[in-house]
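To start, the structure itself, in structure tokens.
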Amino acid sequence: MQPTIEYVMAAEDLRIPGEGILIGDKIYSGVTLTLDNCLLPPERLQQSPSAEHGLSADTEEQLRMRGCELIQAAGILLRLPQVAMATGQILFQRFYYCKSFVRHCAEMVAMACVHLASKIEEEPRRVRDVLNVFYHLKHSKGKRTQVPMPLDASYISAKAQVIKTERRVLKELGFCVHVKHPHKASSRLLTSPPSIHSVVHLILNRSIDNHCGLSPVLLVCCDCYCRLGFVLP
């Protein structure tokens, strides 16, 4: 019996000039991440996957706002910084411009976005903590009792589902999770008193619920002009 000879190809041998890298029978090209291609194009904003499945615009807007409110409330209970909550909200918005509310549970995606955003902003939280917070928000309306989620089969299933949904979010976004928040732009552009800064930041936090296709600087300028009545320099 003759010995088997294995041939190992270097990465340079797999490169196809002008096209990418050949892995198996597929060609993979490079990925360019810039702030321009992180913004949603107008055609995607006009016709979302949820609308294609028959969901009305008002219902979709309410679901988006509810998801962002859940992420904000969960982030406060998890003691996350505001930048992590804003990142989670933007990831939530981006995901539902790739997938439909009809096919994917908004609450599960919100949990996955909170967990993912905490790691992106280097403030990681355990999946169990995220599950307990959402369980508390769902079952303790008006009550101060904080009973943790029982460690049963439903908890194990929910934990696995959060991890699976987080991977799906990353896959649909192409691992492009870079977010440029408008808060830093407002601090650079505004020369007003600190009280105005607080008002602007509050407005920007609420604007994240709806604005996904605008650049951060444009968002700051529009909100300051339309809601506060002054023009930025």
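Observations on the structure shown:
- In region 113-141, the residues that are closer than 16 Å to Ala73 by Cβ, among the hydrophobic types (A, V, I, L, M, F, W, C) and surrounded by 17 or more Cβ atoms within 10 Å (Cβ to Cβ): Cys113, Val114, Ala117, Val130, Leu131, Val133, Phe134
- Candidate set from region 77-91 (those that are closer than 11 Å to Val114 by Cα and hydrophobic (A, V, I, L, M, F, W, C)); member that is nearest to the chain's Cα centre (by Cα): Leu91
- Scan of region 152-172 for residues that are assigned to a helix (DSSP H, G or I) and free of Cβ contacts under 8 Å to residues at least 12 places away in the same chain, ordered by number: Ala153, Ser154, Ile156, Ser157, Ala160, Lys164, Arg167, Lys171
- Selection count where residues are closer than 16 Å to Lys164 by Cβ and touching an Asp or Glu at 6+ places or on another chain (Cβ under 7 Å), scope region 99-119: 4
- Test: Arg94 is surrounded by 12 or more Cβ atoms within 10 Å (Cβ to Cβ), over 15 Å from Ile76 (Cβ atoms), modelled with pLDDT under 90 and among the charged types (D, E, K, R): yes
- Region 61-87, residues that are hydrophobic (A, V, I, L, M, F, W, C), assigned to a helix (DSSP H, G or I) and either surrounded by 17 or more Cβ atoms within 10 Å (Cβ to Cβ) or touching a residue at least 40 places away in the same chain (Cβ under 8 Å) (or both): Leu63, Met65, Cys68, Leu70, Ile71, Ala73, Ala74, Leu77, Val83, Ala84, Met85, Ala86
- If you check Lys99, Lys119, Lys138 for being without any contact (Cβ under 8 Å) to a residue 60 or more places away in the chain and within 25 Å of His178 (Cβ to Cβ), only one passes: Lys119.
- Among (1) more than 30 Å from Val133 (Cα to Cα); (2) surrounded by 14 or more Cβ atoms within 10 Å (Cβ to Cβ); (3) modelled with pLDDT of 70 or more, the one test that Pro49 misses: (1)
- Scanning region 96-127 for residues that are out of contact with any Ser or Thr (no Cβ under 8 Å at 6 or more places or on another chain) and farther than 17 Å from Lys171 by Cβ returns Ala106, Glu107, Ala110, Val114, Ser118, Glu122, Glu123, Arg126, Val127.
- The residues of region 57-104 that are farther than 20 Å from Ile120 by Cβ and among the aliphatic types (A, V, I, L, M), listed by number, are Ala57, Leu63, Met65, Val102.
- Of all residues in region 161-171 being over 11 Å from the mean Cα position of the chain (by Cα) and closer than 15 Å to Cys98 by Cβ, the one that is surrounded by the most Cβ atoms within 10 Å (Cβ to Cβ): Thr165
The values are calculated or read from the model by the stated rules, or taken from the named source; none is laboratory data. On a predicted model such as this, the values are computed, not experimentally measured, just so you know. Cβ atoms come from the backbone with ideal geometry, glycine included; neighbour counts cover every protein chain shown.
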